[in-house]
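Input: a single structure, listed below in structure tokens.
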Amino acid sequence: MKRLMKNKGYMILMSAQAISSIGDWLSIVAIITLVGLKWDASPLQVSFVFLCLALPMALFGPVAGIAADRFNRKTLMIVSDVVRAVLILILTVATSLWIVYTTLLTVGIFSALFIPAKNGKLKELVPEEDMKGAMSITSMIDSSTKILGPLVSGLLVAIFGAQQVFVIDSATFFVSALILLFIPNAGGLEPSESTTEQGSFKQEFSAGFSFLKSSRFMITGLVLVGISLLILQSADSQLIVLIRELTDASPDLFGYLVTGSGLGMFVAGFLLAKKTDYKPYPLMLLGVCGIGVSFGVMGLLTHYDLNYSLIWGPGMGFTAGFSASLIFVPFQATIQVHTPVHMTGRVFGVINSVMTTATIIGPLFGGWIATVIGVIPTFTITASLLVFVSLIGWMTKRKVERGNTDVSASKQGTHEATTG
């Protein structure tokens, strides 16, 4: 971790990420306040807000990944920040839901461009031996903003109003773009230098997907992450409905639960940053099982209408958030370590597309099944599925890890033959 603190380029990139992440939370809370309270939108109309933010990542993630490999990543990040800063200002004068939806869809497109460019730049700036620690610190920043963002946003909305918060959010994107100007050129090759031929979109998407398939760990991990996220989101989206089942539920319980989740993610990120010599696949399976157990216990305690929900609710949120970091941080860190710098955008474009698709389908499926069979059975089923997925993973663990070792050795031999 000490080496990372001395890495000027990495610290600049993380500073920009922290500021823009805070801005993201500012706008989300302000939009929900504007649409849900001031305009009295229906639940379906409110859900479209989140859909507009997520859909571009699912649809354009692979395209954005290819762009991040073809063009200068620093430039792409700066342009993305500046354009989003301008777009957010449109929300200050929005008078209809369609203006909000159109603006958010466009913001989502440029967010989809920013993420693979950032992951590629991270690969350029951070040596392989520090990558696990770097990804853990990134997770800590995300979880910290998840805790602080809603609190700060709620306070600012109460003091200044939603429109003024959009101005502040726009300013955070401009500040992030300004900070990114100071990122030094990477010691490695820029995308344009490392790629001598550029094929069609289909060829380049296939190249990214083929690279993922070349490693048994990568493709199995992607399937595991996608399925787990789909199941997780099915229950996670119904947390507020589950809380309503409690007799003595505090109005602030949901906020405390989210804060507990963010704190759990932060602690897990801190521990993973301190100890980076872990095996990723067992940690991921432990994380899947941990989320399943957390959701199962939440459903069980709600079924018996247990008192002291202000204690056990945030506690279960903490274990769920801690477990989630055990899935996503080791997976993304390992992908970063094993992916060549000139393919990072394409590979993460495919990964982000799969993950975002799961986050879109999951809440829709969760809402449907909770309506049909009830919210407590929904939590019981999703918890059981997550534990079952982890058990299947444990039964195939040796095969997956052996395949990953074989592929890594093969790639190392290819690299030495090429450079020798």
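Each reported figure results from applying straightforward, stated rules to the coordinates on display, with no laboratory input. Keep in mind that what you see is a predicted model, and the values were worked out from it rather than measured. Quick reminder, even Gly has a Cβ in these numbers, built from the backbone with ideal geometry, and neighbours come from all protein chains shown.
Values for this structure:
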{"item": "Cβ-based charge dipole, the chain, positive-most Cα from T75, F266, Y10", "result": "Y10"}
{"item": "Sorted by Cβ density within 10 Å, fewest first, the residues H338, H303", "result": "H303, H338"}
{"item": "Exceeding the 22 Å Cα-Cα cut-off - candidates K6/K132; K274/K399; K6/K279; K121/K275", "result": "K274/K399; K6/K279; K121/K275"}
{"item": "Region 134-173 - Debye-derived log10 I(q)/I(0), Cα point model, q = 0.27, 0.34 Å⁻¹", "result": "-0.87, -1.03"}
{"item": "Structure-based [θ]222 nm, the chain - -39500 (n - 2.57) summed over DSSP H runs of at least 4, per residue, nearest 500", "result": "-28500 deg cm²/dmol"}
{"item": "Cα centroid separation, region 330-345 to region 86-129 (Å)", "result": "21 Å"}
{"item": "Assigned charges on the beta-carbon of Lys, Arg, Asp, Glu; the chain dipole about Cα centre (debye)", "result": "820 debye"}
{"item": "Order of L178, L53 under a 10 Å beta carbon neighbour criterion, fewest first", "result": "L178, L53"}
